[in-house]
Each structure stands twice: as structure tokens, then as C-alpha cells.
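Here's the structure we're looking at; comments come further down.
Only the coordinates and a few stated rules stand behind these numbers; no lab work does. Bear in mind the structure is a predicted one, so any value in this text is a computation, not a measurement. All Cβ positions, even for glycine, are placed from backbone atoms using ideal geometry, and neighbour counts span all protein chains on display.
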């Protein structure tokens with residue numbers, strides 16, 4: 001069985017405004033004025049990359065800078081600068097150039113999924129009849145696209 005490696009590369013010189021949600025890996029060397037969510041694979045913020053928002057992924061590697069919270073469901077490696085809180089449930093590795101300005105919290109895997117949810121009265125019903133809340137999230141893809 002052949003497996004494909006899917007990764008999106010955002011090169012230096014690009015600017016992204018707004019939030020990104022991808023269902024595969026992403027490597028960003030650019031400015032992103034918004035949050036990035038990778039539902040599977042590697043989320044890599046390369047040297048020179050700047051995220052002005054939250055970063056969430058299965059495996060997260062920060063070589064650039066993140067000004068926001070980080071949510072890592074698997075492994076987390078920091079060689080860059082993070083100004084925000086870090087939530088992780090797997091392994092964490094801080095490199096020699098790591099700089100942290102925030103709190104570091106090991107949490108249950110479910111709590112590494114960040115969701116901005118409208119109040120229940122304002123929430124649109126889902127077509128499958130399922131309501132999305134922190135207590136019943138079973139798939140990160142579903143949580144990220146709701």
C-alpha cells in the first residue's frame with residue numbers, strides 16, 4: 001500500500017491574512033496574520049515564519065515565531081520564540097534557541113483541541129444532528145471545521 005505525503009509549503013515573502021485549516025501537513029516560512037490548524041501531519045513554522053495567532057497540530061515544530069497559543073496533540077519541538085500558552089499531551093523538546101513567554105501545560109489530548117464556539121442558542125444545528133462541544137469531540141477534523 002502506497003502512502004502519500006501531503007504538505008503545503010508557504011514560502012518566505014508571502015503574507016496570509018485570516019485563519020487557515022488544512023487536513024494535512026504545512027510548513028510556513030511566511031507571515032500569517034491569523035491562526036493555523038493542521039488536522040494531521042506536521043505543522044512547521046520555519047525560520048523567518050511569523051504566526052500572529054494560534055497554532056494547532058498533531059506534530060508541531062516551531063523554528064520561527066508564534067505570537068499566540070500552541071496546541072500540540074502529539075509531539076512539540078521549539079527552537080524559536082513563542083509568546084503565548086502551550087498546551088501539549090505528547091512529548092516536548094526545547095532546543096538551544098527556544099524562547100518562551102507564557103505557560104507550559106501538559107493536558108489530556110482532548111484539551112489540545114481549541115474551539116471557538118458560539119453560544120448554544122446562536123449555534124446552527126449540524127446536518128448530522130450532532131452538537132459540537134468539548135465533551136463530545138471525537139475527531140479533530142470535525143472540530144476544526146464545525
With 0.36 nm assigned to each residue of separation and the Cα-Cα distance removed, residue 101 to residue 47 gains 17.6 nm
So, by mean Cβ neighbours within 10 angstrom, what's the order for 54-62, 21-29 with the highest one leading?
54-62, 21-29
Before anything else, pin down the relative contact order of region 19-81: Cα pairs under 8 Å, at least 6 apart, normalised by residue count, whole percent.
26
